[in-house]
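What follows draws every value from the coordinates through simple rules; no lab data is involved. Keep in mind that what you see is a predicted model, and the values were worked out from it rather than measured. For neighbour counting, all protein chains shown are included, and Cβ atoms are generated from backbone atoms with ideal geometry for every residue, glycine included.
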Amino acid sequence: MSKSNDSIKKTLTVAFLLCLVCSVIVSGAAVALKPLQVANQEHDRRTNILVAAGLIQPREATRERVNAEFDKIQVKVVDLRTGQYVDHINPNEFDQLRAAAEPATSERLAVDPAGIRRLEHYGLVYLVGDVDNPDRIIIPVRGSGLWSTLYGFLALEGDGSTIAGLGFYQHAETPGLGGEVDNANWKAQWPGKRVFAEDSMQPRLGLASNPDPDHQVDTLAGATLTARGVTNLLQFWTGERGYGPFLAKFRQGV
């Protein structure tokens, strides 16, 4: 009996030591790889911004090219309630999605067409060229589709209304239906469309079965709810609760 107990004790000891060694290895690897993970995440973020703006093609997204093009972009923080730049927040450290989740830096939406639940007080903008007279204005957008939240970037020309490009970098919509937001042919319909009509402050852009040639593109066949979600999120983020107050100051020449 004592030999049996001794054998069980040895087995448990070996198992414990094995688990301990494995946990140390895994923890060490996680710590060692953290800088690489952060670098990869930053590279993906920059790539998605540049691709949405039409400044590079996905096949050109080497680290050297992405970093060189992103150096031409100035990142600013905007108070979404006023449309004005703020200087007390470092744009390189500001996490917009985290701010949206914190009650102190966001508000719950009573009317929520984009399905985001909470709206942050501050948002990032990416400006190509001069801050006061940019060539391109890139804003983050997000909102509910059929199965998921779609996250992307909308790029506008310096007039604050003409679309330069649109791209979603994260979603879980149905492949071949709502997932067609990734289709290059569908995305190619957006450049040149206008967010606003000349006599209106309300955004007009969206998806439609019979699209307005100036403001809309063809809807996603068989994906009514995703198409509606894309329309809602684009109109929300370019509207008065989103970046509308900020974009208004660039529309004086529209």
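What to note about this one:
- Residue count for the range 64-96, restricted to those that are assigned to a helix (DSSP H, G or I) and hydrophobic (A, V, I, L, M, F, W, C): 3
- The lone exception for LEU207 - which of (1) in contact (Cβ under 8 Å) with a residue 40 or more places away in the chain; (2) of a type in the set (A, V, I, L, M); (3) buried (at least 19 other Cβ atoms within 10 Å of the Cβ) it fails: (1)
- Restricting the first member to the range 179-191 and to residues that are free of Cβ contacts under 8 Å to residues at least 24 places away in the same chain, and the second to residues that are surrounded by fewer than 19 Cβ atoms within 10 Å (Cβ to Cβ), no beta-carbon pair is closer than 6 Å while six or more apart or on different chains.
- Note on the range 148-163: residues that are within 17 Å of the chain's Cα centre (by Cα) and farther than 16 Å from GLN235 by Cα total 1.
- Residue in the range 96-106 that is within 14 Å of the chain's Cα centre (by Cα), within 22 Å of TRP237 (Cα to Cα) and acidic (Asp, Glu) present: no
- Among the residues making up the range 117-145, those that are under 27 Å from GLY222 (Cα atoms) and surrounded by 19 or more Cβ atoms within 10 Å (Cβ to Cβ) are PRO140, VAL141, ARG142, GLY143, SER144, GLY145.
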